[in-house]
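Single-structure report; data block below.
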Amino acid sequence: MKNNGNGGIRFSNGEQIPVELHKVRIVQKLHLKPIEERLKAIEDGGFNSFLLNTEDIFLDMLTDSGTNAMSDNQVSSMLQADDAYSGSQSYYRMESALREVLGKHYILPAHQGRAAENIISKVFIREGTVIPTNYHFTTTKAHMELNGAKVLEIYGDEAVKIKSNHPFKGNIDISKLNRVIAEYGAERIPFIRLEASTNLIGGQPFSLANMREVKKIADQHNIMIVLDASLIGENALFIKQREEEFKNHEIKDILLEMCDIADLVYFSSRKVTSTRGGGICTNDEEIYLKMRDLIPLYEGFLTYGGMSVREIEAMAVGLYETTDETVINQSPSFIKYAVEDLDKAGIPVVTPAGALGCHVDAMGFLPHVPQEEYPAGALTAALYIISGCRGMERGTISSERDENGDDILADMELLRLAFPRRVFTLSQTMFLIDRIKWLYENRELVEGLKFVHEPEVLRFFTGRLAPVSDWPQKLAAKFKADFGDSL
Ligand SMILES: *Cc1c(COP(=O)(O)O)cnc(C)c1O
């Protein structure tokens, strides 16, 4: 698939277009409702896109978690699922897939990624523990802190720059890592956490060269490497596309090398295999035994871990498909198309294009909205109102408050528009781009939000907000005037 390597197929005018390398065989009808109804839906949902009903959504770009399209082989594999509380053949098929694709022998199944984080945190984290990481993830940080850890992000300077051409913004800054170990002492650091395709800073990968360097230092201090592999396929693809040494390697070999460097690998199969579930794996029996007995307690018996056997079957097939470049390239090639088009139009988006989604910089988009009024939340609500496209706020609302009750202002205020694998077409992507461009021309109309109900933990999931003025009505009125109708 030479032509596909760069995120598309070359057209005769020289453009790389992300042609869908699959055909549609089952479809779901979508609803593009009039703007009046969308306005009411977002009000009912407390201006929080998590609280919308998909009945009111046109393109659901909230997340890639559990929303990727399954392949024909995955769906058909579900029919051969072997119902058994223990010893199910479905489980052994998944175990073989994990051994082959990730190269890890000992497997612990969990019902999703955060459940794996719970187990790992309970076993390896104590009061006073310090966890260096390239960047945190929401549920990861919550579990680690709940168990007493301090999470330190040791990314390089480029990581949180919106506009960059750094190929590996997810790298760990090696001098910061050395400093953290010197300052806190290796005995307080059970592991260094590396997140593949770093989610919260725009799906940005780390390089294998960086991973090897981190490993060298970790080995000197007898510290484990824990790899969050939820978006490992995309990270491997970027390594192939952007790291000279690997340009002729196969994805499967890059995956194996990444996992080989890590002592412990965990993942959300909601992302990595387009199914549900998750798991933890390692080649170290001692590490495995430390965690093993918590699985039946929190998840389910060792051969299902809270998943249905159907999901386990589909997960096994999905793991093998992750090594197929035409599968793994789907989402990044559409993201690249959207990011490059928006960037060309002068709209602030995170570059280079990463995994998971197109990330719009809300502070650049809405410079008149103070960060205390949640520009990324406001932009997410505004885009939904004018397009029916649902994104996710990844900024200060997704953060938390400090001991004094003040907001911890996020490094970046992003509107994330996820591209679940093989779900949306190019014309739908073009519709999204068109509406973002319209919104940018009318950005002065968008103002901020304030909390009216704020949960203490992970407030972004169920918190309710309200606009600081009647700006949503004004925005809707301008939309209707410009388009001459309500769609
Ligand atoms: C989604 C995600 C998780 C959590 O996984 P769930 O299956 O949603 O619980 C953990 N880490 C990363 C990097 C993720 O993207």
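For GLU321, GLU127, the ranking by accessible surface with the largest value first comes to GLU127, GLU321, using a 1.4 Å probe. A full extension of the chain between ALA182 and LYS122 corresponds to an added length of 19.1 nm, given 0.36 nm per residue minus the alpha carbon distance.
The local environment of ALA196, defined by Cβ-Cβ distances under 12 Å, has a net charge of -1 under the rule Lys, Arg +1 and Asp, Glu -1. Listed cross-link partners LYS169/LYS215; LYS141/LYS290; LYS150/LYS344 are compared with a 29 Å cut-off, the Cα-Cα value being larger for LYS150/LYS344.
Counting Lys and Arg as +1 and Asp and Glu as -1, what is the net charge of the other residues whose Cβ lies under 12 Å from the Cβ of ALA149? It works out to a net charge of +3. Does the range 298-357 classify as rounded, prolate or oblate by the C-alpha gyration tensor (a ≥ b ≥ c root eigenvalues; a/c under 1.5 gives rounded; else a/b over b/c gives prolate, otherwise oblate)? Cα axes put the range 298-357 in the prolate bin. Only beta bridges with both residues in the chain are counted; by DSSP, about 65 percent of them are antiparallel.
How many angstrom separate the Cα center of the range 443-487 from the Cα center of the range 157-232? Computed from Cα coordinates, the inter-centre distance equals 36 Å. Residues in the range 185-192 carry Karplus couplings, in order, of x, 4, 5, 8, 10, x, 7, 9 Hz; the curve used is 6.51 cos²θ - 1.76 cosθ + 1.60 with θ = phi - 60°, and Gly or Pro positions show x. When both bridge partners sit in the range 72-323, DSSP labels roughly 50% of those beta bridges antiparallel.
The peptide list 371-383, 396-408, 151-163, put in order of mean Cβ contacts within 10 Å with the highest first, becomes 371-383, 151-163, 396-408.
Taken as Cα centroids, the range 267-296 and the range 374-423 sit 29 Å apart, rounded to the nearest whole angstrom. Peptides 128-137, 329-338 ranked from most to least packed by the mean count of surrounding Cβ atoms within 10 Å: 329-338, 128-137.
Quick one: net charge around LYS40, please, counting Lys, Arg +1 and Asp, Glu -1 for every other residue with C-beta under 13 Å from its C-beta. The answer is -4. Taking 0.36 nm per residue of separation and subtracting the Cα-Cα distance, full extension of the segment from ASN53 to LEU409 would add 125.3 nm.
For the chain, the relative contact order works out to 23 percent when only alpha carbon pairs closer than 8 Å and six or more residues apart are counted.
Projecting the Cα atoms of GLY185, VAL214, ILE172 onto the charge dipole of the range 163-248 (Cβ charges, centred on the Cα centre) puts ILE172 farthest toward the positive pole.
With a Förster radius of 22 Å applied to the C-beta separation of ARG10 and LYS247, the computed FRET efficiency comes to 0.80.
Modelled this way, with points 7 Å down the Cα-to-C-beta line, the labels at MET430 and GLU286 are 6.0 nm from one another. Each peptide among 248-254, 463-469 gets the average number of other Cβ atoms lying within 10 Å of its residues, and from highest to lowest they stand as 463-469, 248-254. Sorted largest first by accessible area at a 1.4 angstrom probe radius, with every protein chain in place, the residues GLU213, GLU234 fall in the order GLU213, GLU234. In the range 121-142, whose amide N lies under 11 Å from the spot 7 Å out along Cα-to-Cβ of LEU297? List them in ranges. From the range 121-142, the list is 122-123. The range 1-61 and the range 318-355 have their alpha-carbon centroids 14 Å apart. Taking every protein chain into account, the accessible area of the range 72-323 amounts to 38 square angstrom per residue (probe 1.4 Å). In terms of its alpha-carbon gyration tensor, the range 72-323 comes out oblate; a/c meets the 1.5 threshold, while b/c is at least as large as a/b. Here the accessible area is traced with a 1.4 Å probe on the protein chains. For the chain, carbon and sulfur cover 49 percent of it.
A simple rule links phi to the HN-Hα coupling: the Karplus curve 6.51 cos²θ - 1.76 cosθ + 1.60 with θ = phi - 60°, which for the range 412-428 gives 9, 10, 10, 9, 9, 10, 6, 10, x, 4, 6, 9, 9, 9, 5, 5, 5 Hz, with x for Gly and Pro.
For the chain, the 222 nm mean residue ellipticity estimated from helices alone, with every DSSP H stretch of n ≥ 4 adding -39500 (n - 2.57) and the total spread over all residues, rounds to -11500 deg cm²/dmol.
The values are calculated or read from the model by the stated rules, or taken from the named source; none is laboratory data. What you see is a predicted model, and the numbers here were worked out from it, not measured in a lab. Note that we place each Cβ from the backbone using ideal geometry, even for glycine, and neighbour counts take in every protein chain shown. Protein only, heavy atoms only, side chains kept; ligands, DNA and RNA dropped before computing areas. Shrake-Rupley method; radii C 1.70, N 1.55, O 1.52, S 1.80 Å.
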